[in-house]
Protein chains: 2
Amino acid sequence: MYMELPEAKQKFIESWGKLGSEWGINRTMAQVHALLLLSPEALTTEDIMLELNISRGNANMNLRDLMDWGLIDKQLKPGERKEYFFADKDTWNIARQVAKERKRRELDPVIKVLNELSTIKGDDKDPAYKTFKKSVSDINKLAGNVNKTLEMMLKAEEGWFWKSIFKLFK
Amino acid sequence: MYMELPEAKQKFIESWGKLGSEWGINRTMAQVHALLLLSPEALTTEDIMLELNISRGNANMNLRDLMDWGLIDKQLKPGERKEYFFADKDTWNIARQVAKERKRRELDPVIKVLNELSTIKGDDKDPAYKTFKKSVSDINKLAGNVNKTLEMMLKAEEGWFWKSIFKLFK
DNA sequence: TTAAACTTCCAATAATATTTGAAAGTTTAA
DNA sequence: TTAAACTTTCAAATATTATTGGAAGTTTAA
């Protein structure tokens with residue numbers, strides 16, 4: 001299969017956007033990220049609007065979100081007012097940042113609820129209660145383990161064990 | 001904080017649904033799953049419609065999807081026509097099934113595209129080409145590693161190394 | 001200061017995803 | 001067979017989420 005660079009770029013941006021949306025991340029946000037990942041130099045809001053055919057408001061909003069996620073940064077060029085945006089291109093950092101944000105926004109609140117639900121009292125002879133308790137406690141345990149692992153991964157390069165595991169991925 | 005079982009159930013179902021939707025899984029599907037996780041006996045479509053206040057069509061569709069995902073099964077009681085649904089309550093199986101489905105539906109197609117994009121030829125002096133190539137190849141590498149790990153996890157209990165890692169999570 | 005050059009906000013609009021409900025389809029006991 | 005008891009389908013309605021574009025807000029060079 002033969003493909004030119006612009007077509008290939010297009011395809012990458014499209015795929016990244018699709019993957020993002022399947023994982024609960026705004027499609028356009030993922031596309032802006034993809035565009036910046038492929039760009040050798042930092043781009044202005046204008047550039048991004050043009051390349052992706054989106055409005056100024058939309059571009060701005062998604063750039064802001066990407067900065068909140070820690071996936072891109074802005075650069076100021078001396079003598080210019082415009083802001084130039086560029087992406088961190090280290091895949092391991094990208095994975096870490098995404099894991100960090102999602103943990104904070106999604107896993108942490110769920111763990112809080114699960115802990116609350118673990119305290120419910122009831123009649124141990126009631127099957128509904130027994131099943132409830134068992135399911136909540138099992139899921140709580142799994143969530144707790146996932147959480148611990150993520151924390152270790154985020155605290156990063158500490159400890160020979162996880163360090164050596166994670167190195168395999170980079 | 002004091003809570004009765006029915007309220008706690010409600011809260012669990014709500015949280016599970018929210019988590020699902022944040023991860024690109026239909027909210028109602030996650031809620032049906034939650035309901036079945038908490039239920040000691042298998043439930044009929046009717047039960048589920050009533051408990052979650054959803055239509056017959058919706059209940060049916062999500063039950064079918066959950067079966068496709070391998071998260072629930074149906075049971076036929078002798079002498080009855082109705083179908084009774086119940087969830088696999090082993091958290092490790094749940095995690096495995098979800099990982100399996102998402103890998104198949106999302107990761108595999110992305111890897112295919114990335115491999116295609118890796119073959120693009122261009123001028124090594126062109127910065128746009130160099131950045132494209134580097135980003136695609138880095139992401140390809142990460143995706144490949146994630147893929148390998150998932151495959152190992154799905155092939156399951158083989159090999160002392162991963163077996164011992166995974167046991168920590170169960 | 002001021003005004004040009006930008007960025008951000010936000011209400012209206014558009015696009016997407018989910019849900020409903022009734023009709024069509026299927027299965028089985030008699 | 002038939003008809004009652006179910007399940008499945010799908011077009012229309014609803015709900016949710018994303019996008020636009022213009023107005024308001026900021027910043028900075030002069």
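The values are calculated or read from the model by the stated rules, or taken from the named source; none is laboratory data. Owing to the predicted nature of the structure, the values given are computational and were not obtained by experimental measurement. Virtual Cβ from ideal backbone geometry, glycine too; neighbours counted across all protein chains shown. For accessibility, only protein heavy atoms count, side chains too; no ligands or nucleic acids. Shrake-Rupley method; radii C 1.70, N 1.55, O 1.52, S 1.80 Å.
Below is a table of values for the structure above.
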read-out: Options B:Ser21, A:Val110, B:Gln31, ranked by Cα towards positive dipole end of the protein assembly as shown, top entry (Cβ charges); value: A:Val110
read-out: Averaged over B:140-146, number of beta-carbon atoms from partner chains that fall within 10 Å; value: 3
read-out: Inter-site label distance for A:Thr44 and A:Glu14 at 7 Å from Cα along Cβ, in nm; value: 2.9
read-out: Qualifying trypsin sites (Lys or Arg not before Pro) in the stretch A:25-93, DSSP loop, other Cβ atoms within 10 Å at most 10; value: A:Arg81
read-out: Rotational relation A to B, axis-closest Cβ in chain A, residue and distance rounded to whole Å; value: A:Gly24, 2
read-out: Helical mean residue ellipticity (222 nm; -39500 (n - 2.57) per DSSP H run of 4+; nearest 500) of chain A; value: -21000 deg cm²/dmol
read-out: Within the accessible area of chain B (1.4 Å probe), percent carbon and sulfur; value: 53
read-out: Förster radius 25 Å - calculated FRET efficiency between A:Glu101 and A:Lys141 (Cβ-Cβ, nearest 0.05); value: 0.55
read-out: Buried solvent-accessible surface, both chains (A, B), 1.4 Å probe, Å² to nearest 100; value: 4600
read-out: Listed residue pairs exceeding 28 Å between alpha carbons, taken from A:Lys82/B:Lys112; A:Lys18/B:Lys74; B:Lys18/B:Lys89; A:Lys74/B:Lys100; A:Lys130/A:Lys155; value: A:Lys82/B:Lys112; A:Lys18/B:Lys74; A:Lys74/B:Lys100; A:Lys130/A:Lys155
read-out: Nearest-first distances (nm) between copies at A:Pro127, label 7 Å from Cα via Cβ; value: 7.0
read-out: Distribution of pairwise C-alpha distances over the protein assembly as shown, 10 Å bins, in %; value: 5, 21, 28, 23, 15, 6, 2, 0, 0
read-out: Surface accessible to a 1.4 Å probe, per residue, for the residues of the stretch B:1-100, Å²; value: 54
read-out: Inter-chain shielding of A:127-135 (mean C-beta neighbours from other protein chains, 10 Å cut-off); value: 5
read-out: Cβ-derived FRET efficiency at R0 30 Å, A:Lys112 paired with A:Trp92, nearest 0.05; value: 0.55
read-out: Loop-located GluC sites (Glu not before Pro) in the stretch A:74-153 whose Cβ has at most 13 other Cβ within 10 Å (DSSP); value: A:Glu80
read-out: Radius, Kirkwood style, for chain B when every pair of distinct Cα atoms is counted (Å); value: 19.1
read-out: Debye intensity ratio I(q)/I(0), log10, the stretch A:14-87, q values 0.15, 0.22, 0.24 Å⁻¹ (C-alpha model); value: -0.45, -0.95, -1.13
